[in-house]
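What follows is a single structure, written as C-alpha cells, with notes after it.
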Amino acid sequence: MVLPTSSPTAFCKAFIERELKSNKQGHIWMSFWPVMERMIERSNELTPVFDELIGKFGYSDKFDGYPPNNSYIWLTLECIWMSINFCKKDVVQVRLDLKELNTLQEEIVELSERLALALRRHDKVYELSGFKKSDYQTAVDMIELASEDNHLYQNYVSDKIQSLLGQFDLKYWPTRADVVESIASFESRQPSPNHSELPENVLKGRASDIKDFVLAFDNSFNGFNDLPSGFRFSNNALADIINVILDLPSDRLATGDAIRIVRNRHNEN
C-alpha cells in the first residue's frame with residue numbers, strides 16, 4: 001500500500017489505518033484498536049501533531065528506506081496510540097503495584113530471616129537432644145525436591161549435582177539456613193523497582209491525568225529504545241494528543257499552557 005503524500009494528515013491517517021487493519025487481521029494489540037480508531041476519526045484534531053511529525057522526519061514509511069530513519073514515523077505514531085496506558089486509572093494501578101512490591105520485599109526479608117533462625121535452632125535441637133533425622137536435609141536435597149517436576153533438570157543437571165555431592169562432603173555446601181538467609185540478603189540489596197514506561201516522578205507524585213501523561217510520554221523518548229532520542233512535540237501538539245487519546249470531555253481539555261507549566265516545573269523542556 002502506497003501512502004498518500006498530499007498532506008501530513010492524509011499520510012499519518014492512512015498509516016494508522018494500515019496498522020489497524022494489520023493488527024485486526026492478526027488479532028493482536030486488541031486493547032489499542034479503539035484508540036487507533038479514535039485517532040483516525042479525529043485525525044483533523046491531530047493535524048498539528050502530524051505536521052510536526054512529518055516536518056521533522058519527512059514522509060518516511062517503515063517499508064522504505066533504511067533504519068533507523070525509516071522507522072521514526074511508525075514508532076512515534078505507535079507511541080501515541082499506546083500512550084493510552086498513561087491514563088490516570090492505569091497510573092494509579094501501577095502505583096498500587098509498586099506499593100505491593102515494596103511491602104512484599106520487606107516481608108520476604110523478614111520471613112527469610114525468621115525462617116533461617118528457625119532452621120538453625122531446629123538443627124541445634126536435633127544435635128543436642130538425642131533425636132535423629134531419618135535423612136540429613138541439605139541444600140542439594142532442597143534443589144532436588146524443587147526440581148522433581150523439571151524434566152530438563154532431571155535429565156541434564158541432577159546427575160552432575162549428585163556426583164559433586166558425592167565428591168565433597170557437607171562442609172563444602174551451604175546449609176538450608178544459609179540458603180534461606182541468602183534470600184533475605186539478596187532482597188535487601190535490591191534497588192527500588194523501576195517501571196518500564198513510567199518514570200519515578202510519575203510514580204511518586206500526586207496522580208494527575210495531564211501531568212502524569214506529559215512526564216511519561218516525554219520520558220518515552222529518553223529511554224533505551226528505537227524512538228527518536230530527545231524528540232519533543234510542541235506544547236500545543238501534545239495537548240491535542242492528550243485530548244484525543246484520553247478522550248477528555250470539553251470542560252477538562254488539556255491546553256498548551258498546561259503542558260508548558262508541567263514541562264517547566266519538571267525540567268522537561
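The values are calculated or read from the model by the stated rules, or taken from the named source; none is laboratory data. The structure displayed is predicted, hence computed values, not measured ones. Because the Cβ atoms are built from the backbone with ideal geometry, glycine has one as well, and the counts that use them run over all protein chains shown. To get the accessible areas, we keep the full protein, side chains included, count just its heavy atoms, and leave off ligands, DNA and RNA. Shrake-Rupley method; radii C 1.70, N 1.55, O 1.52, S 1.80 Å.
Give a quick list of chymotrypsin sites (Phe, Trp or Tyr not before Pro) in region 92-144 that DSSP marks as loop, anything other than H, G, I, E or B, with at most 15 other Cβ atoms within 10 Å.
Loop-located and lightly packed - Phe131, Tyr136.
Using the beta-carbon distance between Ser163 and Ile261 and R0 = 51 Å, what value does 1/(1 + (r/R0)^6) give for FRET efficiency, to the nearest 0.05?
0.15
Report, to one decimal in Å, the Kirkwood hydrodynamic radius for region 159-269 based on all distinct Cα pairs.
Taking every pair of different Cα atoms in region 159-269, averaging 1/r and inverting gives 18.1 Å.
Dipole of region 178-269, Cα-centred, from +1 at each Lys and Arg C-beta and -1 at each Asp and Glu C-beta, to the nearest 20 debye?
420
Given points 7 Å out from each Cα along the Cα-Cβ axis, report the Lys132 to Leu253 separation in nanometres with one decimal.
Taking the two extended label points, one gets 8.6 nm.
Share of the chain's accessible area from carbon and sulfur, percent, 1.4 Å?
The C+S portion of the solvent-accessible surface of the chain is 53 percent.
Put +1 on the Cβ of each Lys and Arg and -1 on the Cβ of each Asp and Glu in the chain; which of Val157, Pro199, Cys79 then has its Cα farthest toward the positive end of the dipole?
Ranked along the dipole, the leading option is Pro199.
What trypsin sites (Lys or Arg not before Pro) does region 120-219 have in DSSP loop regions with at most 11 other beta carbons within 10 Å?
Lys132, Lys133, Arg189, Lys204, Arg206
Sort out for me the Cα centre separation of region 1-31 from region 250-264, rounded to whole Å.
Using only Cα atoms, the two centres lie 29 Å from each other.
Find how much the distance from Lys89 to His151 grows on full extension, using 0.36 nm per residue of separation minus their present alpha carbon separation; answer in nm with one decimal.
18.1 nm
Once you've got the Cα coordinates, tell me which of Lys21/Lys88; Lys13/Lys56; Lys13/Lys62; Lys89/Lys211 are over 22 Å apart.
Lys21/Lys88
Under a crude label model (7 Å from the Cα following the beta-carbon direction), how far is Gln190 from Leu170 in nanometres?
3.1
Would you calculate a helix-derived [θ] at 222 nm for the chain, using -39,500 (n - 2.57) for each DSSP H run of n ≥ 4 and dividing by the full residue count, to the nearest 500?
For the chain, the value works out to -19500 deg cm²/dmol.
At 1.4 Å probe size, with every protein chain present, just tell me what the per residue accessible area of the chain comes to in Å².
Per residue, the chain has an accessible area of 62 Å².
Using a 7 Å offset from Cα along Cα-Cβ at Lys99, what residues in region 202-234 end up with backbone N under 14 Å from the label point?
203-207
Taking every pair of distinct Cα atoms and averaging 1/r, then inverting, what Kirkwood hydrodynamic radius in Å comes out for the chain?
For the chain, the Kirkwood estimate is 23.2 Å.
Using a simple spin-label model with points 7 Å from Cα along the Cα→Cβ vector, what separation in nm is obtained for Ile143 and Glu200?
3.7
Take the alpha carbon atoms of region 177-215, find their center, do the same for region 216-243, and report the distance between the two centers in whole angstrom.
Region 177-215 and region 216-243 have Cα centres spaced 23 Å from each other.
Quote the charge dipole size of the chain about the Cα centre in Debye, to the nearest 20; the model charges only the Cβ of Lys and Arg (+1) and of Asp and Glu (-1).
Once rounded to the nearest 20, the dipole reads 440 debye.
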